[in-house]
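Worksheet: the structure to be examined is printed underneath.
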Ligand SMILES: [Zn+2]
């Protein structure tokens with residue numbers, strides 16, 4: 001790329017540009033005051049993109065996401081604990097019915113035994129044997145009931161604890177959501193007022209200058225116009241060399257200059273160091 005160093009004056013350049021990275025712009029003139037106002041447009045555009053960035057990167061977004069993931073997990077665990085609770089309740093009822101049946105049968109046997117109606121020694125022995133085995137069976141079944149009750153209590157306790165945690169995380173999520181909404185409201189209000197201000201200022205900038213700015217802004221990562229401050233382009237931070245400084249000095253005030261390095265519109269101000 002054999003291109004002479006030196007600031008390009010849009011108004012003077014006539015030869016076709018062979019540098020495809022920097023297609024030649026048509027000549028452009030704008031009053032210095034209009035060029036300065038373009039810097040105001042640029043500042044507002046920077047502000048607007050900062051606001052948009054801030055809106056999407058609010059810490060509350062990540063906070064809410066984490067809390068909602070926690071909440072989903074806790075709710076699943078709570079559902080499992082409550083299912084366990086109702087399952088064990090059913091199990092307990094069933095086991096208690098089993099105990100009752102055995103108890104009733106034992107009571108019937110005991111009644112027959114006490115009635116004296118059974119007289120055959122063999123039948124008496126069988127009856128006594130059955131009463132003894134029913135007593136053992138009842139004891140076993142009562143142990144089963146106790147074991148189920150323990151599981152049921154544990155599930156109840158766990159469900160209670162989880163319900164408490166769900167409530168606490170829900171409160172945290174509601175708090176984070178309220179903070180996020182307030183922050184978004186503030187940012188939206190700021191964005192709205194900056195957008196209106198931008199419209200007003202942009203309307204006062206000549207259309208051709210604004211059009212070039214918009215094109216460069218898209219190409220140059222959001223910055224299309226840069227102040228020349230103390231001989232430094234504020235777009236790319238590069239200092240102009242002496243040849244470039246001399247060219248800027250020689251340029252008419254209404255010439256729209258471009259930074260030789262970054263190709264942004266370079267705006268002269270009282271602090272340009274010329
Ligand atoms: Zn530059």
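Observations on the structure shown:
- Residue match in region 94-115 (condition: over 30 Å from residue 158 (Cα atoms) and outside any helix (DSSP H, G or I)): no
- Checked against (1) surrounded by 14 or more Cβ atoms within 10 Å (Cβ to Cβ); (2) away from the ligand (no atom under 16 Å from the Cβ); (3) within 39 Å of the chain's Cα centre (by Cα); (4) outside any loop (DSSP other than H, G, I, E, B), residue 192 meets all criteria but (1).
- Residue count, region 240-254 (criterion: in contact with a strand residue (DSSP E or B) (Cβ under 8 Å, 6 or more places away or on another chain), within 13 Å of the ligand (Cβ to nearest atom) and part of a helix (DSSP H, G or I)): 1
- Failed item in (1) closer than 15 Å to residue 34 by Cβ; (2) away from the ligand (no atom under 12 Å from the Cβ); (3) more than 42 Å from the chain's Cα centre (by Cα); (4) buried (at least 17 other Cβ atoms within 10 Å of the Cβ), with residue 257 passing the rest: (2)
- Positions within region 221-239 being farther than 12 Å from residue 257 by Cα and either out of contact with any strand residue (DSSP E or B) (no Cβ under 7 Å at 6 or more places or on another chain) or within 9 Å of the ligand (Cβ to nearest atom) (or both), in sequence order: 221, 222, 223, 229, 230, 232, 234, 235, 236, 237, 238
- Of the residues 142, 150, 161, 125, the single one that is without any contact (Cβ under 8 Å) to a residue 40 or more places away in the chain, surrounded by 12 or more Cβ atoms within 10 Å (Cβ to Cβ) and out of contact with any strand residue (DSSP E or B) (no Cβ under 9 Å at 6 or more places or on another chain) is 161.
- The lone exception for residue 218 - which of (1) touching a residue at least 24 places away in the same chain (Cβ under 8 Å); (2) closer than 21 Å to residue 47 by Cβ; (3) away from the ligand (no atom under 15 Å from the Cβ) it fails: (1)
Rule-based calculations on the coordinates, nothing more; no lab input. All figures in this text were calculated on a predicted structure; none of them were measured in a lab. As a convention, Cβ positions derive from the backbone with ideal geometry for all residues, glycine included, and neighbour counts pool all protein chains shown.
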